[in-house]
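J.: First, the structure itself, so that you have it in front of you.
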Amino acid sequence: METRLADFIRDTPDGREADAILRACVHCGFCTATCPTYQLLGDELDGPRGRIYLIKQMLEGAEVTARTQLHLDRCLSCRACETTCPSGVRYGRLADIGRHVIEQKVERTASQQAQRWLLRKGLTQRGLFAAALAAGRLARPLLPRALSARVPVASPGKRWPAARHGRRMLALRGCVQPALAPSIDAALARALDRIDISLVRADGGGCCGAISEHLGAHDEALGFVRRNIDAWWPHVEQGAEAIIVTASGCGVVVKDYAYLMRDDAQYAEKARRVAELARDPVEVIAAEWKRFAPMVAMDHGPQRVAFQAPCTLQHGQKLVGRVEEILEAIGLELTDVADAHLCCGSSGTYSILQPALSQRLKENKLAALEAGDPDVIATANIGCLLQLGSGTRRPVRHWIELFDARLRSRPAGRQA
């Protein structure tokens with residue numbers, strides 16, 4: 001693709017990166033076949049190829065309008081197009097650059113600004129979110145059905161083993177997941193404890209930064225990144241083996257910390273080390289499988305599971321099929337899921353900012369997941385879990401909870 005970037009961005013780091021990404025695109029259109037919004041709307045400008053042209057025109061100095069902003073806002077950032085692209089176009093990064101530029105060129109309405117500010121502040125502050133969630137749960141019986149479905153019932157936290165082993169790994173404290181589903185990280189902590197690894201929650205950490213980054217508050221996002229690095233660094237220096245992130249949406253961001261902090265002289269090297277240590281739970285469990293295998297209890301009876309692979313797991317972290325292998329290895333029966341590459345419509349705050357499109361994507365995803373009549377739906381991301389849970393009566397669980405439930409307390413012959 002031939003490019004002639006405008007002076008305002010040509011010689012900047014973002015400009016040089018955008019230019020290289022644009023020039024990699026060969027206009028083939030393979031990406032449109034796997035784009036969720038193009039499939040729903042049938043508009044070229046609501047597919048990756050069309051959005052690439054919009055970003056190109058904007059970076060070349062063409063007039064930018066709220067209509068351009070709308071088409072970029074409709075993008076889920078699912079990155080299914082990257083998985084499909086034969087030319088390796090890094091669309092997700094190009095979209096981020098485009099969003100940063102358009103936020104400076106097109107002023108949002110007062111209501112849009114207020115909504116996005118409330119989302120940034122309300123979701124990223126763990127204590128504030130927990131208080132708001134508690135109030136919502138109290139009012140749940142009084143809310144309209146459509147709204148009450150979005151307020152999940154309480155999920156009591158279960159036992160988190162004390163840090164008593166020489167081998168230690170760190171957990172992301174996060175922002176919304178501790179209040180919404182404390183049982184997820186606790187399940188991982190119990191599983192690791194069985195093979196003599198302690199999962200530690202470092203004081204001072206919090207949101208991974210994804211919410212602020214995707215809502216155009218780049219500097220605010222970097223502040224969250226620095227806070228997490230500061231919280232983890234003493235443990236890293238003391239030999240922590242990994243930083244495990246049970247929400248795949250957060251995991252893909254933490255693995256990108258080195259890129260996000262590349263221009264920060266104080267944090268660049270620390271961010272690189274943190275990114276190297278970042279792991280999804282499936283990577284840790286697969287690496288330790290020989291130790292887990294003797295603990296798997298195969299006498300729990302059959303259970304049919306429909307696994308929804310989050311976009312951030314399969315397209316972002318490129319961990320396709322890994323969780324499914326583990327689930328089958330512990331004796332669960334996986335059902336077939338049509339169009340497994342498509343997004344469920346959660347995508348961070350997308351379900352709030354684009355409710356109509358998100359609802360259609362959720363309905364399509366649930367139809368595919370429930371077609372095999374599963375006993376339970378499993379996923380790997382808190383946003384997907386909430387999205388799917390709001391539209392079905394079937395239980396929706398993080399897969400690590402299913403894994404923990406299938407493990408004996410100790411392997412045969414092992415003494416406490």
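J.: Might you let me know whether the stretch 351-364 holds any residue that is within 12 Å of the chain's Cα centre (by Cα), in a helix (DSSP H, G or I) and within 17 Å of ARG150 (Cα to Cα)?
T.: no
J.: Do we have VAL282 as out of contact with any Pro (no Cβ under 9 Å at 6 or more places or on another chain) and β-branched (Val, Ile, Thr) here?
T.: In short, yes.
J.: Here is a list: ASP185, ASP196, ASP203. Which entry is closer than 26 Å to ASP404 by Cβ, in contact with a His (Cβ under 7 Å, 6 or more places away or on another chain) and open to solvent by 10 Å² or more (accessible area, probe 1.4 Å)?
T.: One residue alone meets the criteria, ASP196.
J.: Taking into account only those residues within the stretch 161-177 that are touching a helix residue (DSSP H, G or I) at 6+ places or on another chain (Cβ under 6 Å) and not in a loop (DSSP other than H, G, I, E, B), which is most open to solvent (accessible area, probe 1.4 Å)?
T.: GLN177
Residues checked against (1) open to solvent by less than 30 Å² (accessible area, probe 1.4 Å); (2) farther than 18 Å from THR84 by Cβ; (3) not small (Gly, Ala, Ser):
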residue	(1), (2), (3)
GLY29	yes, no, no
CYS35	yes, no, yes
GLU44	no, no, yes
LEU70	no, yes, yes
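J.: Do the conditions hold for VAL282, that is, is it over 21 Å from GLY166 (Cβ atoms), modelled with pLDDT of 95 or more and open to solvent by less than 30 Å² (accessible area, probe 1.4 Å)?
T.: Judged against the criteria, VAL282 is a match.
J.: To continue, here is another question. Which one of these does SER346 not meet: (1) part of a loop (DSSP other than H, G, I, E, B); (2) touching a Ser or Thr at 6+ places or on another chain (Cβ under 6 Å)?
T.: Of the numbered conditions (1) part of a loop (DSSP other than H, G, I, E, B); (2) touching a Ser or Thr at 6+ places or on another chain (Cβ under 6 Å), the odd one out for SER346 is (2).
J.: Return the pairs, sorted by first residue and then second, in which the second residue is among the aromatic types (Phe, Trp, Tyr), the first residue lies in the stretch 206-225 and is within 16 Å of TRP117 (Cα to Cα), the beta carbons are less than 6 Å apart, and the residues are 6+ apart or on different chains.
T.: Hits for this filter: CYS207/PHE224; GLY209/PHE224.
J.: What number of residues in the stretch 105-127 are assigned to a loop (DSSP other than H, G, I, E, B) and aliphatic (A, V, I, L, M)?
T.: The total comes to 1.
J.: Filter the stretch 111-130 down to the residues that are exposed (fewer than 13 other Cβ atoms within 10 Å of the Cβ) and under 27 Å from ALA187 (Cβ atoms) and list them by number.
T.: GLY127
J.: Consider GLU107 carefully, then state whether it is touching a Gly at 6+ places or on another chain (Cβ under 6 Å) and open to solvent by 40 Å² or more (accessible area, probe 1.4 Å).
T.: no
J.: May I ask you to say which residue of ILE97, ILE102 is of a type in the set (A, V, I, L, M, F, W, C), touching an Asp or Glu at 6+ places or on another chain (Cβ under 6 Å) and in a helix (DSSP H, G or I)?
T.: ILE97
J.: Another question, if that's okay. Pairs please, first residue from the stretch 269-297 and at positive phi, second anywhere and in a helix (DSSP H, G or I), Cβ atoms under 9 Å, 6+ apart in sequence or on different chains.
T.: From residues that are at positive phi, there are no pairs.
Condition check ((1) more than 27 Å from THR349 (Cα to Cα); (2) of a type in the set (Val, Ile, Thr); (3) touching a residue at least 24 places away in the same chain (Cβ under 8 Å)) across all residues:
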residue: MET1; (1), (2), (3): yes, no, yes
residue: CYS25; (1), (2), (3): yes, no, yes
residue: CYS28; (1), (2), (3): yes, no, yes
residue: GLY50; (1), (2), (3): no, no, no
residue: MET58; (1), (2), (3): no, no, yes
residue: THR68; (1), (2), (3): no, yes, yes
residue: ARG74; (1), (2), (3): no, no, yes
residue: CYS78; (1), (2), (3): no, no, yes
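J.: Please work out if ALA338 is free of Cβ contacts under 8 Å to residues at least 60 places away in the same chain, among the hydrophobic types (A, V, I, L, M, F, W, C) and open to solvent by 20 Å² or more (accessible area, probe 1.4 Å).
T.: yes
A quick yes/no check of all residues on (1) modelled with pLDDT under 95; (2) under 23 Å from HIS27 (Cα atoms):
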site	(1), (2)
GLN39	no, yes
GLY47	no, yes
TYR53	no, yes
GLU60	no, yes
ARG67	yes, yes
ALA80	no, yes
THR83	no, yes
LYS105	yes, no
GLY127	yes, no
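J.: Return the residue satisfying two criteria in turn: it lies in the stretch 299-316 and is in a loop (DSSP other than H, G, I, E, B) and in contact (Cβ under 8 Å) with a residue 40 or more places away in the chain, and of such residues it is most open to solvent (accessible area, probe 1.4 Å).
T.: Top of the filtered list is HIS300.
The values are calculated or read from the model by the stated rules, or taken from the named source; none is laboratory data. Note that the coordinates shown come from a computational prediction; the quantities given were computed from them, not determined experimentally. Every residue, glycine among them, receives a Cβ derived from its backbone with ideal geometry; neighbour counts consider all protein chains shown. Note: areas computed on protein heavy atoms with side chains; ligands, DNA, RNA excluded. Shrake-Rupley method; radii C 1.70, N 1.55, O 1.52, S 1.80 Å.
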